[in-house]
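Notes follow the structure.
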Amino acid sequence: MDYQNIATHEFGHAAGMNHPSDSCTEETEYRFAQSGETKKRTLNAGDISGIIKLYR
């Protein structure tokens, strides 16, 4: 597993984010990751919207 990919996801939880619906497979907070996946090292638009909603 890619450490940065997983760490970004876990920092999202630390910030108060939950897993999105199962249709949001491209979001960093999506509940599953594939071995070697690196595309979730940064936040997706839905993740950013969720953080803004939490801290607005």
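Since every read-out is calculated from the coordinates, none of them should be taken as a lab result. It should be emphasised that the depicted structure is a prediction, and the values quoted were computed from it without experimental measurement. Heads up, the Cβs are rebuilt from the backbone with ideal geometry, glycines too, and the neighbour counts pull from every protein chain shown.
Summary of values
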{"item": "Nearest-20 debye value, the chain charge dipole, Cβ charges on Lys, Arg, Asp, Glu", "result": "180 debye"}
{"item": "C-alpha long axis of helix 3-14 to longest principal axis of the chain, angle in °", "result": "20 degrees"}
{"item": "Inter-site label distance for ILE6 and THR42 at 7 Å from Cα along Cβ, in nm", "result": "2.3 nm"}
{"item": "C-alpha long axis of helix 45-55 to longest principal axis of the chain, angle in °", "result": "40 degrees"}
{"item": "Residue with peak Gaussian network fluctuation, the chain [Cα springs, cutoff 10 Å], from GLY12, GLY36, GLY46", "result": "GLY36"}
{"item": "Helix-derived mean residue ellipticity, 222 nm - over the chain, DSSP H n ≥ 4, -39500 (n - 2.57), to 500", "result": "-12500 deg cm²/dmol"}
{"item": "Cα lying deepest toward the dipole's positive end in the chain, options GLY16, THR38, MET1, charges on Cβ", "result": "GLY16"}
{"item": "For segment 3-55: Kirkwood Rh in Å [reciprocal of mean 1/r, alpha carbons]", "result": "10.9 Å"}
